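I have placed the structure first, in the form of structure tokens, so that the comments after it can refer back to it.
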Amino acid sequence: EQFVEMWDRLGKPNPFDLVEMGAGKGELANDIFNYLSQQHPEFYQCLQYCIIEQSPALKQAQKKKLQTWQEAGILTWKTWEEIPNLSLVGCCFSNELVDAFPVHRVQLEAGKLKEIYVTPASEEASSPFTEITDEISTPKLREYFESVGISFPSSAYEDGFQTEVNLAVETWLSAIAQRLKKGYLLTIDYGYTAERYYHPQRYSGTLQCYTQHQRHNDPYYLIGQQDMTSHVDFTALEVYGKKYDLASYHFTQQALFLMALGLGDRLAKLSQRTLDIRQLLK
């Protein structure tokens, strides 16, 4: 429904570019195709869907899941390099992508900003890696805190305070801005504003690891076989977006976003349909 509204506000362009960045196993794309083809056939006929996916394994799973739509000629896979500048009219979107970007881990030591590095552990250690702290790898880490309006390091933070910095968001936003001629960027993820993200009480940062749906905070457990994420600093997305001429349109909670798009009405209709079916079965 949101994509249809965007299409309408842009003057119903044909084609309408829908670029999904990081499409997982293709479940969301499949739902989008099914829904639009049934509920909004006019918009569906204008759709030009592109997936940008870095994982070869996930790309293979997507092609298997979405074979029907690929054969219909409305779905392609591309890299950013294959998309010309100022060629997209539509929407670039992602669902839980930015939280998977690589991050720099930093720590406060004796009032100074240090970076956490990984080095081989001794032979008798239980893990093949250990952590050390040293000078930061790039001045962009200091600049990042200045950009999002956070005074760090400062006396407000205790010695040993750890957190993360996602510098990859700037490169990502720059790539989108260069190719988007007219339209929207929609990002769905979990995180905080900078003020909450870098609150002194968030002493250990937000880095999390998941193994078989179990959450923990050891990135050196089952190396290469677990998911690692860190929360998104939404202030950074707004600040760097503005740097590349992406105006912030709206920032809200996902529940409110869905309700504004009519989720409550849909749930009510589903409930009524269930009641009608039960009455028929009686």
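The values are calculated or read from the model by the stated rules, or taken from the named source; none is laboratory data. These numbers come from a predicted model, not from an experiment. All Cβ positions, even for glycine, are placed from backbone atoms using ideal geometry, and neighbour counts span all protein chains on display. We work out accessible area using only protein heavy atoms, side chains counted, and drop any ligands, DNA or RNA first. Shrake-Rupley method; radii C 1.70, N 1.55, O 1.52, S 1.80 Å.
Report the label-to-label distance for residue 25 and residue 59 in nanometres (one decimal), using points 7 Å from each Cα along the Cα→Cβ vector.
Using points 7 Å along Cα→Cβ, the separation is 2.0 nm.
When the accessible area of the chain is split by element with a 1.4 Å probe, what percent falls to carbon and sulfur?
Values: 8500 of 17110 Å².
That share works out to 50 percent.
Just flag the chymotrypsin sites (Phe, Trp or Tyr not before Pro) in segment 202-279 sitting in loop per DSSP whose Cβ has no more than 13 other Cβ atoms within 10 Å.
Those satisfying the criteria are 203, 221, 249, 251.
So if the hydrodynamic radius of segment 131-258 is defined as the Kirkwood radius over C-alpha pairs, what does Stokes-Einstein give as its diffusion coefficient at 20 °C and 1.002 mPa s, in µm² per second?
D = 129 µm²/s.
How much accessible surface area, in Å² rounded to 10, belongs to the heavy atoms of residue 118 with a 1.4 Å probe?
For residue 118, the solvent-accessible surface is approximately 80 Å².
Based on the Cβ-Cβ distance from residue 261 to residue 182, what FRET efficiency comes out when R0 is 25 Å, to the nearest 0.05?
According to the calculation, E is roughly 0.70.
Restricted to Cα positions, what overall size does segment 208-272 have along the principal axes? Three whole-Å values, descending.
Taking the Cα atoms of segment 208-272, the three principal extents are 46, 43, 14 Å.
In nanometres, what is the gap between the two model label sites at residue 272 and residue 81, each 7 Å from Cα along Cα-to-Cβ?
Rounded to a tenth, the inter-label distance reads 5.4 nm.
Does a label point 7 Å from the Cα of residue 156, set along Cα-to-beta-carbon, have any residues of segment 187-218 with amide nitrogen under 16 Å, and which are they?
Backbone N within reach: 192-205.
I need the chymotrypsin sites (Phe, Trp or Tyr not before Pro) found in segment 148-202, filtered to DSSP loop residues with at most 14 other beta carbons within 10 Å of theirs.
For chymotrypsin sites (Phe, Trp or Tyr not before Pro) across segment 148-202 that sit outside H, G, I, E and B with at most 14 neighbouring Cβ atoms in 10 Å, the list reads 190.
What is the distance, in nm, between label points placed 7 Å from the Cα along the Cα-to-Cβ direction at residue 220 and at residue 127?
It is 0.5 nm.
Using DSSP loop states and a limit of at most 12 other Cβ atoms within 10 Å to flag GluC sites (Glu not before Pro), what is the longest stretch of the chain containing no flagged site? Walk me through the intermediate numbers first.
Values: sites that count: 123, 124, 135, 158.
The answer is 159-282.
Can you pull the three principal axis extents for the Cα set of the chain, in Å, largest first?
In descending order, the Cα extents are 67, 50, 35 Å.
Would you mind working out the accessible area per residue for segment 170-282, using a 1.4 Å probe, and quoting it in Å²?
Roughly 71 Å² per residue, with all protein chains present.
Could you give each residue of segment 135-140 its phi-based ³J(HN,Hα) in whole Hz, using Karplus coefficients 6.51, -1.76, 1.60 with θ = phi - 60°, and x for Gly or Pro?
Couplings: 4, 5, 6, 8, x, 4 Hz.
Evaluate 2.2 N^0.38 Å with N set to the residue count of segment 188-238, then give the Cα radius of gyration divided by it.
Its radius of gyration relative to the 2.2 N^0.38 Å reference: 1.28.
What translational D, rounded to a whole number of µm²/s, comes out for segment 19-122 from Stokes-Einstein when the hydrodynamic radius is the Kirkwood one over Cα pairs, at 4 °C and 1.567 mPa s?
D = 79 µm²/s.
Suppose we keep just the DSSP beta bridges with both residues in the chain; what percent of those would be antiparallel, to 5?
Working: 20 of 43 bridges.
Roughly 45 percent of the DSSP beta bridges within the chain come out antiparallel.
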